[in-house]
Structures are given as C-alpha cells and as structure tokens.
1. If only one of Glu13, Glu51, Glu3 is out of contact with any strand residue (DSSP E or B) (no Cβ under 8 Å at 6 or more places or on another chain) and acidic (Asp, Glu), which one is it?
2. Residue by residue through segment 32-45, note down the ones that are within 25 Å of Thr160 (Cβ to Cβ) and free of Cβ contacts under 8 Å to residues at least 40 places away in the same chain.
3. Quick test of your reading of the structure: Ser163 fulfils all but one of (1) touching a Phe, Trp or Tyr at 6+ places or on another chain (Cβ under 8 Å); (2) within 19 Å of Phe5 (Cβ to Cβ). Name the failing condition by number.
4. Quick one: how many residues across segment 171-214 are part of a helix (DSSP H, G or I) and either in contact (Cβ under 8 Å) with a residue 60 or more places away in the chain or within 19 Å of the chain's Cα centre (by Cα) (or both)?
5. Which of the residues spanning segment 111-135 are in a strand (DSSP E or B) and in contact with a helix residue (DSSP H, G or I) (Cβ under 9 Å, 6 or more places away or on another chain)?
6. Among the helices (runs of 4 or more DSSP H) contained in segment 32-101, which hold 3 or more residues that are more than 18 Å from the chain's Cα centre (by Cα)?
7. So the check is Cβ under 7 Å with 6+ separation or different chains; which pairs have a first residue in segment 20-31 that's assigned to a strand (DSSP E or B) and a second one that's among the aromatic types (Phe, Trp, Tyr)?
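The values are calculated or read from the model by the stated rules, or taken from the named source; none is laboratory data. Every value quoted in this text rests on a predicted model; they were computed, and no experiment measured them. Cβ placement follows ideal geometry from the backbone for every residue including glycine, while neighbour counts extend to all protein chains displayed.
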Amino acid sequence: MREIFLIGSKAEENIKSLVVSEIKLLPFEMNLSNIDALIFTSRYAIKSISENAKRLNDYSWKDIPSFVIGKGSATYLERLGGKIEYVGQDSHGDGFAKEIIPLLKNRHPLYIHAKKIVSHINEKLLHNKIKLSEVIAYENKTKKLDSRLAPPPNSILIFTAPSHYKAFLANFKWDGSYLAIAIGMTTFGVFDAGIDSFVAPEQSIQSCIKFAKEIALRLP
C-alpha cells in the first residue's frame, strides 16, 4: 500500500508527518471598538487573536460575530469561546468571499490573516465596497530540510495550506508518481498543472487522512 504523509507546520499523531514550515504568531493591538464582524480563513488566525487577547487581557473579540471559512476552524473557534455567525459552504477563497459579501454590507468587519494571502479575499471585499479593516496575525516560515527526508515514490501527500505545498517544493523535487490531496480548493488551486491531485470531501485534517487511506486501498 502507498505511504501517506501529512505535509504541514506540525506533526499529527496518527499519520506520518513532514513538517516543512513553522508558524510565527504576531502581536497586534485589539482595536475592536468599531468592529462588528470578524473574518477568519485559518485556524492560526484564530489562535493568534486568542493569544493576543491573553497578552492584552482583552477578550472582547469573543462577543463579535465571526465568519469562518471551514467547519474545522469554526469548531476550533467555538472551543476558544468565539461567537459564530456564518460558516462558509465553499472551501475556496473566491467562493467564501462571494458568500459573505452580501452578509457584510453596511458592516465593519475585521479580517485577521497571514502575512501572505493566497486567496486575495481582502481585495475582493474591498472591491465590493465592504468597509474592511485588516490585521496581520501570523506568518508562515519555510524550514530548510535534508533532501533525504523526501517521501518515497508513489507516496500520497496531504497538503493543508498553499504555503505547505510551496514549502515542500522549496525543499524537494516533485516526483511524478506522487499523488497530492488538498484540504480545500484554495490549496488545490496552487498545485502545479499536471500533477495527480484530489480535494478532500471535507475541510479537516482527519477527513484528508481518511480520504487518503481510501485512495491508498484502491491504488496499486
């Protein structure tokens, strides 16, 4: 059976993991007095606002309705005490932006995001006259890895963020026998043309792992 690897910024207990990047949470001020909605497209953004709240002893973000791109991140936000208003049906940034634009008219949302934004949701919201504020909450740094850590041929590789795919390519040459699984459409969208790839049925790491195991059983 093909080997399965989770490519990301942290290891998981129930799967072989290759950590290709590290997340650095960034400090920012909690200027939320005029904010009536929060936008999250990453679990790390949620973790960052939670950590900054502890640092500043300001937990006002928990009372502001949140718009979250995926069920996994929504569950994480609720666990930290956040308030959910909307969970995206589309795991791609473009689709999520289209869903929330009508809901954010006449509101003042804050988008908490990474230093680099792949989906350009902020640009789409601003183009549609949404009164958007933004804060950079974390950055993703590529690690330098030994080439001998490259997964063997025919491996199934799970990518949970666009940055993880780019970090993998910064360290290893892509083997044509690899099969890639993306956690969502935004990650799928950065895959190079011509590689064998799929999108997981649900936007969660456990769904990706289950899907990869099902594929491994069917393929030689």
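1. Working: Glu51 fails: out of contact with any strand residue (DSSP E or B) (no Cβ under 8 Å at 6 or more places or on another chain); Glu3 fails: out of contact with any strand residue (DSSP E or B) (no Cβ under 8 Å at 6 or more places or on another chain).
Result: Glu13 is the single residue among Glu13, Glu51, Glu3 that is out of contact with any strand residue (DSSP E or B) (no Cβ under 8 Å at 6 or more places or on another chain) and acidic (Asp, Glu).
2. Let us first name the residues in segment 32-45 that are within 25 Å of Thr160 (Cβ to Cβ), namely 38-45.
Correct list: Arg43 only.
3. (1)
4. Just the residues of segment 171-214 that are part of a helix (DSSP H, G or I), to begin with: 171, 185-188, 205-214.
Next, only the ones that are either in contact (Cβ under 8 Å) with a residue 60 or more places away in the chain or within 19 Å of the chain's Cα centre (by Cα) (or both) stay: 171, 185-188, 205-213.
Here the count works out to 14.
5. First, the residues of segment 111-135 that are in a strand (DSSP E or B): 111-114, 133-135.
Those that are in a strand (DSSP E or B) and in contact with a helix residue (DSSP H, G or I) (Cβ under 9 Å, 6 or more places away or on another chain): Tyr111, Ile112, His113, Ala114, Glu134, Val135.
6. Numbers: elements: 43-56, 71-79, 93-100.
Here the list reads 43-56.
7. Ile23/Tyr44; Ile23/Tyr138; Lys24/Tyr138; Leu25/Tyr138
Condition check ((1) among the small types (Gly, Ala, Ser); (2) surrounded by fewer than 17 Cβ atoms within 10 Å (Cβ to Cβ); (3) assigned by TED's automatic domain parsing to the domain that holds Gly70) across all residues:
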residue: Ala114; (1), (2), (3): yes, no, yes
residue: His127; (1), (2), (3): no, yes, yes
residue: Ile136; (1), (2), (3): no, yes, yes
residue: Phe168; (1), (2), (3): no, no, no
residue: Trp174; (1), (2), (3): no, yes, no
residue: Thr187; (1), (2), (3): no, no, no
residue: Ile195; (1), (2), (3): no, yes, no
residue: Ile205; (1), (2), (3): no, no, no
residue: Lys210; (1), (2), (3): no, yes, no
